[in-house]
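**Student:** The structure is given below, and queries will be raised subsequently.
Bear in mind that the values in this text are calculations on the coordinates, not laboratory data. Because the structure is predicted, anything quoted here is derived from the model rather than measured. Please note: Cβ atoms are built from the backbone with ideal geometry, for glycine as well, and neighbour counts cover all protein chains shown.
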Amino acid sequence: MRILKNTAGAAALASSILAAGFGVAEAQPTDLKTLAIARGIDVGLALSSSSGGAAVDTVVTRNFTGFVPENATKWGNISSAPGVYSWTGTDGMLDFAQKYGMKMRFHTFVWHQQSSYIANGHTNGVAQPPEANKYTRAEAFTHMRNHIGAVMGHIKGRNGGQMHLISEWDVVNEAAARDSGNDDSQNLYGGMRRSTGNSVNLDSGLSRWTGYTQGETNDFDYIDSAFAIAHRNDTTARLVYNDYDAESLGKKSNTVYNLMAKLKNRKIPVHVLGMQCHWYIGPSNTGSSGAWDPQQIVTNMNRIAALGLDISITELDIRFQNPSDSTKLYQQRQAYETIMSICLNQPRCKKFYVWGLRDGSSWINSRFPGYGNPLLFSGSGSTYTPKPAYYGLIASLQTTSVRAPGARGAVRFTPAGPAYDIRGRQMKSLPAGPSSLVRKTVPAKAAR
Ligand code: G3I
């Protein structure tokens, strides 16, 4: 992000903002939550635990309308082996939502990481699973079907039904290749995350799902199936495709746009594009990842909205190089303010979630050594000090008047007409695995 010019004034303002401090007390008219509700936008954060203690609960419930488990509901944290489930983390999060009247985003079903037996053998995306651990295509779809069904069934069945606590579900996470290095828009699925072969050179994150489902020869149909299975388990569920570095314009966002367009056009039940937004300000030593451009984001959001999809900002954090200083903090404030303003100006941007509460416990600290400070709060112990970025969001919510209260509403998805696979063949029903094609529509080979 290259945004700042007046750094001297910025530093002064940042200092005065910091001096203002933040007391943990009753919600004020200027708290994030109060303003977010007035603007009709769901402002949330990732929670690493549902039992952070009273201080966390106070800051969270005072400022946010929703939350997403940072790790607790990932496949590997729920199920260590097929059919083996531990619901402690999930239930803790559901209890938190219920106790405080908050909504929860579910994160996540189909992903190449933190997926226990599915991702077995995954080491920085290079190692392949031992041959003995490889699933067949049919087995992989069975695991997917069973897992999504088990989780949604558990939540639905708990305490008389708690589906209403989940505002949306990350069904497929990060299926496009990092940087979509092998391109792109001309080749329908050219930019997708691969399983073997040349993708090792192009993308350090391989996808077991591509390999197990023979995705490269089956048009990545595991994605169709994941959405269809989730839809079958709850036809009212809002289903999300979630990815990173696809917010501005470029190869990866073209890949994601093409994927979303194809899914929508073929009547696959997907309702929301999740834009993760893991960004940086200032110089970066992290390659191209995290670069972003406000005008390009506006353009990209417009084309996604034109597909009839909602947009959720799902994992926003904006890191910068250590050490922190008031100039960088002010640049960061402007960045947060800008993206909130962009979201408020796009009617289909309905959720604004940051990836964590306080700088010290962000994933950035270990993942990008030398970088940090990406979130809205600093402090330690029971102190949660709002940063200039926090006040940037406040300012944006106070001064942007385009979003009317109540502008977002639940969308019930009922696909009109039949669904189609990627080759244009009508499907018997929404897919849940291989062999779901309507046979008679497959072109006959015998006519020669
Ligand atoms: O819980 C274990 C602990 O028992 C163990 O001692 C420790 C030792 O390494 O590891 C702990 O697990 C770690 C876990 O976070 C909880 O802290 C994992 O090693 C670590 O890999 C894991 O990292 C998470 C990462 O996803 C996994 O790829 C981050 O917290 C989490 O913020 C990050 O979130 C992802 C989103 O899900 C998807 N989008 C990108 C985003 C950032 O990478």
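**Student:** Between region 45-73 and region 297-352, what is the separation of their alpha carbon centroids in Å?
**Tutor:** 21 Å
**Student:** Let me ask something else. Among the listed pairs LYS351/LYS428; LYS99/LYS328; LYS103/LYS134; LYS350/LYS387; LYS134/LYS267, give every one whose C-alpha distance is greater than 26 Å.
**Tutor:** Beyond 26 Å between Cα atoms: LYS351/LYS428; LYS99/LYS328; LYS103/LYS134; LYS134/LYS267.
**Student:** If we sort 104-112, 260-268, 342-350, 365-373 on the protection proxy, mean other Cβ atoms within 10 Å, highest first, what's the order?
**Tutor:** Descending packing order for the listed peptides: 104-112, 342-350, 260-268, 365-373.
**Student:** Same structure, new question: On a straight-distance basis, which lysines could pair with LYS252 in a cross-link, Cα separation under 20 angstrom, same-chain partners fewer than 8 positions away excluded?
**Tutor:** Partners within reach: LYS262, LYS264.
**Student:** Please list 300-307, 83-90 highest first by mean number of surrounding beta-carbon atoms within 10 Å per residue.
**Tutor:** So the peptides 300-307, 83-90, ranked by packing, come out 300-307, 83-90.
**Student:** Further, regarding this structure: How far apart, in nanometres, would the label points at LYS156 and ASN322 be if each is projected 7 angstrom from Cα along the Cα-to-Cβ direction?
**Tutor:** Placing both labels 7 Å beyond Cα along the Cβ direction yields 4.7 nm.
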